[in-house]
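A.B. asks: Here it is, the structure, as structure tokens.
Just so you know, all these numbers are worked out from the coordinates, no wet-lab data involved. As the structure is a computational prediction, the values presented were derived from the model and not from experiment. FYI the Cβ positions are ideal-geometry reconstructions off the backbone, even for glycines, and counts take in every protein chain you see.
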Amino acid sequence: MNQILSTSTVGSLPKPSWLAQPETLWAPWRLEGDALAEGKQDALRVATKEQSDRGIDIISDGEQTRQHFVTTFIEHLDGVDFAKRETVRIRDRYDASVPTVVDAVSRAEPVFVNDAAFLRQQTDQPIKWALPGPMTMIDTLYDAHYSSREKLAWEFATILNQEARELEAAGVDIIQFDEPAFNVYFDEMKDWGIATLERAAEGLRAETAVHICYGYGIKANIDWKASLGAEWRQYEESFPLLQQSSIDTISLECHNSHVPVELIELLRGKKVMLGAIDVASEEIETAEEVADTIRDALRFVDADKLVPSTNCGMAPLPREVAFAKLSALSAGTRIVRDELSPA
Ligand SMILES: [Zn+2]
């Protein structure tokens with residue numbers, strides 16, 4: 001990872017159509033039993049090769065072994081009843097039927113550790129694994145046990161830390177926590193959100209990252225973004241706190257968003273995963289567009305701390321679009337790399 005401007009994705013990639021229904025969030029699996037287990041591994045192989053062939057330096061699992069970035073992790077925990085469902089408002093934006101916390105939460109077994117060990121075998125490049133953050137986890141549940149969002153978040157942070165330590169032992173180089181809730185619940189984020197995130201990352205030797213975004217390109221998110229006005233200044237709330245935190249890398253949305261690029265200055269000293277690819281549009285960025293986004297950000301972050309990336313996950317996109325966007329990301333990055341260190 002010594003190369004400047006190492007490229008990465010935020011996380012999810014489209015799954016092969018033989019594994020799950022395309023262009024769908026929470027897509028149902030098309031295989032079951034042993035065939036599903038084998039299919040997930042094959043999909044991990046393909047995702048690894050596509051990223052590598054298209055010039056991505058930090059390889060992610062593309063979430064090929066999970067249905068959803070939050071739900072799948074929670075499904076593996078004790079204390080949550082998936083049959084008992086309540087309707088709640090997710091990130092204050094859309095209603096969803098969610099499972100209920102009925103008892104003390106705990107992790108009986110590792111959730112993703114075997115998958116991560118398999119990914120480790122597929123590549124010599126650095127690998128990154130994403131977990132949901134504590135605050136985003138509680139936001140997708142109905143709590144009938146703790147009666148306190150904060151208390152439940154601390155419990156999840158402890159569980160996430162157990163999982164993260166085992167992912168690290170399995171050879172994961174970067175552990176990323178997805179906390180889109182940090183763009184919504186500012187008071188709770190300040191009171192205990194950052195603290196529970198640091199607890200989840202406590203004691204890790206692996207690099208740590210937090211991804212904060214404006215969400216997948218689904219209708220509820222597009223409507224919400226339309227209500228945010230000409231300048232999106234939500235990061236102004238979290239960045240100063242994260243700059244002071246123990247988290248190494250902050251992943252943010254940039255290209256085609258209304259985030260003022262100078263907000264990156266608030267992260268001075270941290271690594272920045274810069275969203276240079278729009279995941280809410282099927283239009284493929286040109287290499288020059290990607291290069292422009294990177295050049296713009298370089299006014300506020302040093303090249304050795306900048307990781308060109310996507311704005312968010314690409315699971316809902318058509319597969320060939322997502323892969324073409326990966327190629328655009330690395331082509332644009334190469335332009336800037338050559339400018340900074342001509343051969
Ligand atoms: Zn995201």
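A.B. asks: Among all stretches of the chain without exposed trypsin sites (Lys or Arg not before Pro) (DSSP loop, at most 10 other Cβ atoms within 10 Å), which one is longest?
C.D. replies: 1-204
A.B. asks: Need one number: % antiparallel among DSSP beta bridges in the chain, to the nearest 5.
C.D. replies: On the way: 11 of 36 bridges.
The antiparallel fraction comes to roughly 30 percent.
A.B. asks: Please work out the Kirkwood hydrodynamic radius for the chain, using every pair of different C-alpha atoms, and report it in angstroms with one decimal place.
C.D. replies: Over the chain, the inverse of the mean reciprocal pair distance is 20.1 Å.
A.B. asks: Still on this structure, please answer the following. What spacing in nm lies between the two simple spin-label points modelled at F186 and R334, each 7 Å away from Cα in the Cβ direction?
C.D. replies: 4.3
A.B. asks: Follow-up. Could you work out the longest stretch of the chain that avoids the chymotrypsin sites (Phe, Trp or Tyr not before Pro) located in DSSP loops with at most 15 other Cβ atoms within 10 Å? Could you put the intermediate results ahead of the total?
C.D. replies: Numbers: sites that count: W18, W26.
Longest gap between qualifying sites, sites excluded: 27-343.
A.B. asks: Once you place label points 7 Å from the Cα toward the Cβ at F82 and E231, how far apart are they in nm?
C.D. replies: The modelled label-to-label distance comes out at 4.5 nm.
A.B. asks: Compute for the stretch 6-115: radius of gyration divided by Kirkwood radius, i.e. Rg/Rh, restricted to C-alpha atoms, rounded to two decimals. Spell out each step's value before the answer.
C.D. replies: On the way: Rg = 15.9 Å, Rh = 15.7 Å.
Ratio value, two decimals: 1.01.
A.B. asks: Can you tell which of A37, W192, S6 lies farthest toward the positive end of the dipole of the chain, using +1 and -1 charges on the Cβ of basic and acidic side chains (Lys, Arg; Asp, Glu)?
C.D. replies: A37
A.B. asks: On alpha carbon coordinates alone, what is the Rg over Rh value for the stretch 114-174, Rh being the Kirkwood radius? Don't skip to the end; give the middle numbers.
C.D. replies: Details: Rg = 14.5 Å, Rh = 13.0 Å.
Here the Rg-to-Rh quotient is 1.11.
A.B. asks: Relative contact order for the chain using alpha-carbon pairs under 8 Å, separation at least 6, rounded to a whole percent?
C.D. replies: 20
A.B. asks: Let me ask something else about it. In the structure shown, do any of K225/K305; K15/K128; K40/K325; K15/K225; K40/K84; K190/K219 have a Cα-Cα gap over 21 Å, and if so which?
C.D. replies: Cα-Cα > 21 Å for K225/K305; K40/K325; K15/K225; K40/K84; K190/K219; rest within.
A.B. asks: Among V210, G171, S246, flag the residue with its Cα farthest along the positive direction of the charge dipole of the chain, charges on Cβ as +1 for Lys/Arg and -1 for Asp/Glu.
C.D. replies: Projecting each Cα onto the dipole axis, the largest value belongs to G171.
A.B. asks: Taking every pair of Cα atoms in the stretch 302-343, average 1/r, invert it to obtain the Kirkwood radius, and report Rg/Rh to two decimals.
C.D. replies: Here Rg/Rh amounts to 1.07.
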